[in-house]
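The values are calculated or read from the model by the stated rules, or taken from the named source; none is laboratory data. Quantities reported herein were computed from a predicted structural model and do not represent experimental measurements. Because the Cβ atoms are built from the backbone with ideal geometry, glycine has one as well, and the counts that use them run over all protein chains shown. Calculation scope for accessible area: heavy atoms of the full protein, side chains included, ligands and nucleic acids excluded. Shrake-Rupley method; radii C 1.70, N 1.55, O 1.52, S 1.80 Å.
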Amino acid sequence: MTVRHFLKDSSVSPAEQSEILRLAIEVKADRLKRQPLAGPQAVAVLTDKPTLRTQLSFCVGVAELGGYPMFVDGKLAGVGRRESVADVARVLGRQVAAIVWRTYGQDRIEELASLVDVPVVNALTDDYHPCQVLADLQTAAEHLGGVDRLAGAKLAYFGDGANNMAQSYLLGGAVAGMEVVIATPGDYRPKAAVLAEAEAIAARTGAKVAVTQDVAEAAVSAQIVATDTWVSMGQEGDAEERRSPFVPYRVDEALMAKASPDAIFIHCLPAYRGSEVTAGVIDGPQSRVWDEAENRLHAQKALLIWLLAQAQAQTRAQG
Ligand code: NVA
């Protein structure tokens, strides 16, 4: 058996996802209680793309777990350019307790994970942002009154249906047993394989997943309203053509009025007020974006605690 990794939202089972979310709530209440990285053991936090929350929350989180966060600038290291992903994997894998990576292709993180004996965490790829969705599920659970209230709750996402957030909502929401509706233009649907995987998970968990162009239908009775930038990292060259198709999917006050009266608004940030969301919504009373950003810290600490415990149990079993 190889060590467990968190490469996408479906890398964990429904029971495992619940366990991690409960742990996230526990470590939020007592931040320094768990110290599985005491030593300190190092965790590499490697990123090939811009970052604020990812660098901050992983580095603070690793320190709070008693460890040493080793931030590695992927551009400086030249992963896949100056040296191959495989060679980087072999070097990092011998020196750190876990590897966190934000990169482009999902194939890059899968290759790295296949070559190391320590847990690898996806801190965003072009296809998925599963750590963000763990934080979002924690935020939703706090609003709904507990992790077991996630099942059956409706999350509606508006905007780019083909990006990492939409695809992670589909998978992560399906694992949690939620109703996930992605409202997106026809040309920006999630990858067929991702939707098929979400549907297969939903058939087991009781979740419902759907993709629609009907904004009103998506919004009706939604308890969690989400959006994301229309121009993801790496798409900056297409910024102009990526604007008009999404205008009808902007989350504004009128859209929020169609959702459940007690709906919350979430956004992974960075946000562009006046594009995917109005200032009135993101800065308004229904917004939970600052709790959500803070929950990156707690959810990722819980994930690391869980992954390190899995790796330790495996070492014991083999030893
Ligand atoms: N979809 C966005 C998420 C940023 C955290 C991007 O990939 O740039």
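Can you tell me which residue within region 40-78, out of those that are in contact with a Pro (Cβ under 7 Å, 6 or more places away or on another chain) and of a type in the set (Phe, Trp, Tyr), is farthest from the ligand (Cβ to nearest atom)? Before you say what the answer is, go through the steps one by one.
The first filter runs over region 40-78 and keeps only residues in contact with a Pro (Cβ under 7 Å, 6 or more places away or on another chain), leaving 43, 45, 58-59, 62-63, 65-68.
Then drop every residue that is not of a type in the set (Phe, Trp, Tyr), which leaves 58, 68.
On the way: Phe58: 13, Tyr68: 25 Å.
Result: Tyr68.
Somewhere in region 283-305, is a residue out of contact with any Ser or Thr (no Cβ under 6 Å at 6 or more places or on another chain), in contact (Cβ under 8 Å) with a residue 12 or more places away in the chain and exposed (fewer than 15 other Cβ atoms within 10 Å of the Cβ)?
yes
Return the pair list, or none, for Cβ contacts closer than 6 Å from residues in region 183-206 that are modelled with pLDDT under 95 to residues that are outside any loop (DSSP other than H, G, I, E, B) and surrounded by fewer than 17 Cβ atoms within 10 Å (Cβ to Cβ), at least 6 apart or on different chains.
So the pair list comes out empty.
Of the conditions (1) in contact with a Gly (Cβ under 9 Å, 6 or more places away or on another chain); (2) closer than 27 Å to Arg22 by Cα, Asp126 clears all except one; give me its number.
For Asp126, the exception is condition (2).
State yes or no: is Leu195 crowded, with 24+ Cβ neighbours inside 10 Å, on the phi < 0 side of the Ramachandran plot and part of a helix (DSSP H, G or I)? Talk me through it step by step, then tell me what you get.
Numbers: crowded, with 24+ Cβ neighbours inside 10 Å: no; on the phi < 0 side of the Ramachandran plot: yes; part of a helix (DSSP H, G or I): yes.
Spelling it out, it is not the case that Leu195 is crowded, with 24+ Cβ neighbours inside 10 Å, on the phi < 0 side of the Ramachandran plot and part of a helix (DSSP H, G or I).
Which one of Lys49, Lys75 is over 20 Å from the mean Cα position of the chain (by Cα) and of a type in the set (Lys, Arg)? Full working, then the answer.
On the way: Lys49 fails: over 20 Å from the mean Cα position of the chain (by Cα).
Only one candidate qualifies: Lys75.
Which is more than 16 Å from the ligand (Cβ to nearest atom), outside any strand (DSSP E or B) and not aromatic (Phe, Trp, Tyr), of Ala210, Ala162, Ala166, Ala200? It would help to see each step written out before you state the result.
Numbers: Ala210 fails: outside any strand (DSSP E or B); Ala162 fails: more than 16 Å from the ligand (Cβ to nearest atom); Ala166 fails: more than 16 Å from the ligand (Cβ to nearest atom).
After ruling out the rest, the residue left standing is Ala200.
Kindly indicate the residue of region 237-260 that is open to solvent by less than 40 Å² (accessible area, probe 1.4 Å) and among the hydroxyl-bearing types (Ser, Thr, Tyr) and also nearest to Glu276 (Cα to Cα) among those meeting that condition.
Of everything passing the filter in region 237-260, Tyr249 is nearest to Glu276 (Cα to Cα).
Among (1) buried (at least 22 other Cβ atoms within 10 Å of the Cβ); (2) away from the ligand (no atom under 16 Å from the Cβ); (3) not aliphatic (A, V, I, L, M), there is one condition Asp148 misses while meeting the rest; what is its number?
Answer for Asp148: the failing condition is (1).
Would you check which residues across region 222-250 are under 17 Å from Gly186 (Cβ atoms), more than 16 Å from the ligand (Cβ to nearest atom) and outside any loop (DSSP other than H, G, I, E, B) and list them?
Those that are under 17 Å from Gly186 (Cβ atoms), more than 16 Å from the ligand (Cβ to nearest atom) and outside any loop (DSSP other than H, G, I, E, B): Ser244, Val247, Pro248.
Here's a check for you: in region 80-104, which residue that is under 30 Å from Ile266 (Cα atoms) and away from the ligand (no atom under 13 Å from the Cβ) is surrounded by the most Cβ atoms within 10 Å (Cβ to Cβ)? Explain how you work it out, then say what you get.
Taking region 80-104 first, the residues under 30 Å from Ile266 (Cα atoms) are 98-104.
Filter once more, keeping what is away from the ligand (no atom under 13 Å from the Cβ): 98-101.
On the way: Ala98: 27, Ile99: 26, Val100: 30, Trp101: 28.
Going through the qualifying residues, I end up with Val100.
Could you pull out the residue among Asp126, Asp136, Asp148 that is touching a strand residue (DSSP E or B) at 6+ places or on another chain (Cβ under 7 Å) and within 24 Å of Lys301 (Cα to Cα)?
Being touching a strand residue (DSSP E or B) at 6+ places or on another chain (Cβ under 7 Å) and within 24 Å of Lys301 (Cα to Cα) holds for just one of Asp126, Asp136, Asp148, which is Asp136.
Do any residues in region 35-56 that are touching a residue at least 40 places away in the same chain (Cβ under 8 Å) have Cβ atoms under 6 Å from those of residues that are among the β-branched types (Val, Ile, Thr) and within 16 Å of the ligand (Cβ to nearest atom), where the two are at least six apart or on different chains, and which pairs are they?
Going by the 6 Å Cβ cut-off, the qualifying pairs are Val45/Val100; Asp48/Thr103.
Could you check region 54-69 and list, in sequence order, the residues that are among the charged types (D, E, K, R) and under 18 Å from Gly234 (Cα atoms)?
Scanning region 54-69 gives no hits.
Looking at Val220, Val277, Val211 in this structure, which one is open to solvent by 50 Å² or more (accessible area, probe 1.4 Å), aliphatic (A, V, I, L, M) and either touching a residue at least 12 places away in the same chain (Cβ under 8 Å) or touching a Phe, Trp or Tyr at 6+ places or on another chain (Cβ under 9 Å) (or both)? Walk me through how you get there before you give the answer.
Details: Val277 fails: open to solvent by 50 Å² or more (accessible area, probe 1.4 Å); Val211 fails: open to solvent by 50 Å² or more (accessible area, probe 1.4 Å).
Criteria check complete, one pass: Val220.
Of all residues in region 53-68, how many are open to solvent by 30 Å² or more (accessible area, probe 1.4 Å) and touching a helix residue (DSSP H, G or I) at 6+ places or on another chain (Cβ under 9 Å)?
4
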